[in-house]
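Below: the structure, in structure tokens.
The values are calculated or read from the model by the stated rules, or taken from the named source; none is laboratory data. Just so it is clear, the model here is predicted, and its values are computed rather than measured. Glycine gets a Cβ as well: all are built from the backbone with ideal geometry, and neighbour counts include every protein chain shown.
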């Protein structure tokens, strides 16, 4: 158990809908990351937050947004869903925002868009 | 941009045989390097990481990796495979920024290598 908690574990929704994925980082970790894992794209970095502020942005679509709240939990919002958004979404956390910090991953949220 | 190449999307070994999973990075400045393992229907678990101390890094479950700057490689090895090692393994890099405050912690992952272990 990494200490990173993600909900829900599984989600099935229709095209055009909007979903919210939630993440609680490890106790003491201030940095949160979101990654998408799909068969064709592999593991793609989406976005990083540190202590409530956006730190880095990767291949995140404009239809997707995220935030980190004062209690350090984070949410990833996916809207206008398409079939291609079906993937495993990982949240991860680290104590600081810097390269070299060990990043711990949650077990992921499986999203299926039908 | 930084990239990671993992040679071989599938590797199959016999139980008790040497495991060798290959990883090469593209940066001219040696990055931080990581190996993660993903068991079926689970998240990613850190096996080991290289940050600039010893070039031979020991990790969990008997795995180790050697950083070779001249070859821009960070291959993962285990002397004797066990059935429980069957999983997907990911090599990842994180850039070293010139100044600490400017660095970002996000990882760039390779495509992964699925390891099968035959009895």
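Taking the numbered list (1) in contact with a helix residue (DSSP H, G or I) (Cβ under 9 Å, 6 or more places away or on another chain); (2) away from chain A (no Cβ under 14 Å); (3) in a strand (DSSP E or B) in turn, residue B:46 passes all entries but (2). Considering the range A:68-100, and only residues there that are outside any strand (DSSP E or B), touching a residue at least 24 places away in the same chain (Cβ under 8 Å) and within 25 Å of residue A:28 (Cα to Cα), the residue that is nearest to the other protein chains (Cβ to nearest Cβ) turns out to be A:97. Exactly one of (1) within 24 Å of residue A:41 (Cβ to Cβ); (2) away from chain A (no Cβ under 14 Å) is unmet by residue B:108. Its number? The single condition residue B:108 does not satisfy is (2).
Residues in the range B:26-39 include at least one that is more than 14 Å from the chain's Cα centre (by Cα) and closer than 29 Å to residue A:6 by Cα.
Does residue A:59 count as under 27 Å from residue B:47 (Cβ atoms), in contact with a strand residue (DSSP E or B) (Cβ under 8 Å, 6 or more places away or on another chain), loosely packed, with under 15 Cβ neighbours inside 10 Å and modelled with pLDDT under 95? Against the criterion (under 27 Å from residue B:47 (Cβ atoms), in contact with a strand residue (DSSP E or B) (Cβ under 8 Å, 6 or more places away or on another chain), loosely packed, with under 15 Cβ neighbours inside 10 Å and modelled with pLDDT under 95), residue A:59 qualifies.
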